[in-house]
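The structure appears right after this line, and notes come after that.
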Amino acid sequence: MAAVWTDSIKDDIDTIEDFILDTIHSDCEELDEMCRYVIQSGGKRVRPIVCLLTYLALGGQDKQRAISVGSAFEIVHSATLIHDDINDGGEFRRGRRTLHREYTLTKAIVAGDYLLTRGYKAIGNNLSEEAMAIVAKAAAAMSEGEFMQQDLERDVNVTEAEYFKIINGKTAVLINAAAMAGALLVSRDRELLSIIDEYAIKIGLAFQIIDDTLDVVGSDKTGKKVGIDMTEGKPTLPVIYAIEDPKYGKEIAGLFARKDLSDG
């Protein structure tokens, strides 16, 4: 059922993968290997899919152009995951060792920076000044979202509003930017763009809420241990609601606040 929304572009998925691998290629053999390790670790390719579907929905004809733009957003996203894993001290992602554990911390930082530059270059090659302004705003919001999340780690008083501000920055804005980029390749209709802007943000928020919920209920497809957000002190919506529970909330809050919980 989950794949239904991509059925109309299933033949384009391989093209997306090929473009990503071509774009991230480096003549430095180990750097190229590290980038491929990250990209080929899996992922839903939500950003290029959203970009392409939006483009096609508005009557776009040049699929390759939309694929190029959307794939670039996936590269940027992959770079942010490298840096997130370093910040979190993560051991695994999608069932594989994180890049800084598989290689070294210093080289992983460089690989993340390299992917960012390759992704932004590919975006810049295809977008208008207006679209690039949206991308730049999203990039700043991602950093702010990560910063805010770190500030609120293990804070038992974190609010639902603060959570939504975090995931808006960390996840929703880049998905939104991918959709808006696809739209701006086709249209300048202000009313239409406003509608796309609103729906894409909601998709991004929903995507992150689902991901955070899977951390609690578990899924073999996520490739991560159940409860990792709780042990790392990340303020997610399930954690916030659990802390508010009249019966178990106090105990859960005590566990969430423990800085040594992730060592167990």
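The values are calculated or read from the model by the stated rules, or taken from the named source; none is laboratory data. Everything numeric in this text was worked out from a predicted model, so none of it was measured. Note that each Cβ is placed from the backbone with ideal geometry, even for glycine, and that neighbours are counted across all protein chains shown.
Applying the condition of being of a type in the set (D, E) and under 19 Å from the mean Cα position of the chain (by Cα) to the stretch 123-152 and asking which residue is nearest to A257 (Cα to Cα) yields E146.
Condition check ((1) over 28 Å from A72 (Cα atoms); (2) touching a residue at least 60 places away in the same chain (Cβ under 8 Å)) across all residues:
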{"position": "A178", "(1), (2)": "no, yes"}
{"position": "A183", "(1), (2)": "no, yes"}
{"position": "V186", "(1), (2)": "no, yes"}
{"position": "D189", "(1), (2)": "no, no"}
{"position": "D197", "(1), (2)": "no, no"}
{"position": "K202", "(1), (2)": "no, no"}
{"position": "V217", "(1), (2)": "yes, no"}
{"position": "G233", "(1), (2)": "yes, yes"}
{"position": "P238", "(1), (2)": "yes, no"}
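Only one of the listed residues (E160, E153) is out of contact with any Lys or Arg (no Cβ under 9 Å at 6 or more places or on another chain) and either farther than 30 Å from M132 by Cβ or of a type in the set (S, T, Y) (or both). That residue is E160. Select from the stretch 1-25 the residues that are crowded, with 16+ Cβ neighbours inside 10 Å and over 19 Å from the mean Cα position of the chain (by Cα) and write down the one among them that is farthest from R101 (Cα to Cα). The qualifying residue farthest from R101 (Cα to Cα) is I9. For S71, only one of the following conditions fails: (1) surrounded by fewer than 21 Cβ atoms within 10 Å (Cβ to Cβ); (2) within 21 Å of V173 (Cβ to Cβ); (3) modelled with pLDDT of 95 or more; (4) not basic (K, R). What is its number? Here S71 meets the rest and fails (1). Screening R36, R45 for residues that are at pLDDT below 95 and out of contact with any Cys (no Cβ under 6 Å at 6 or more places or on another chain) leaves exactly one candidate, R45.
Within the stretch 42-57, take every residue that is in contact (Cβ under 8 Å) with a residue 24 or more places away in the chain and surrounded by fewer than 18 Cβ atoms within 10 Å (Cβ to Cβ) and give me the one that is nearest to A178 (Cα to Cα). Restricting to residues being in contact (Cβ under 8 Å) with a residue 24 or more places away in the chain and surrounded by fewer than 18 Cβ atoms within 10 Å (Cβ to Cβ), the top hit is L56. Counted as qualifying within the stretch 1-102 are the helices (runs of 4 or more DSSP H) with 1 or more residues that are more than 18 Å from A200 (Cβ to Cβ), namely 13-24, 29-39, 63-88, 99-102. Checked against the criterion of being buried (at least 16 other Cβ atoms within 10 Å of the Cβ), among the hydrophobic types (A, V, I, L, M, F, W, C) and modelled with pLDDT under 95, the stretch 215-229 has at least one qualifying residue. For the stretch 103-150, taking the residues that are among the acidic types (D, E) and at pLDDT 95 or above, the one that is surrounded by the fewest Cβ atoms within 10 Å (Cβ to Cβ) is identified as D113.
Could you look through the stretch 178-214, keep only residues that are buried (at least 17 other Cβ atoms within 10 Å of the Cβ) and of a type in the set (D, E), and pick out the one that is modelled with the highest pLDDT? In this case the residue turns out to be D212.
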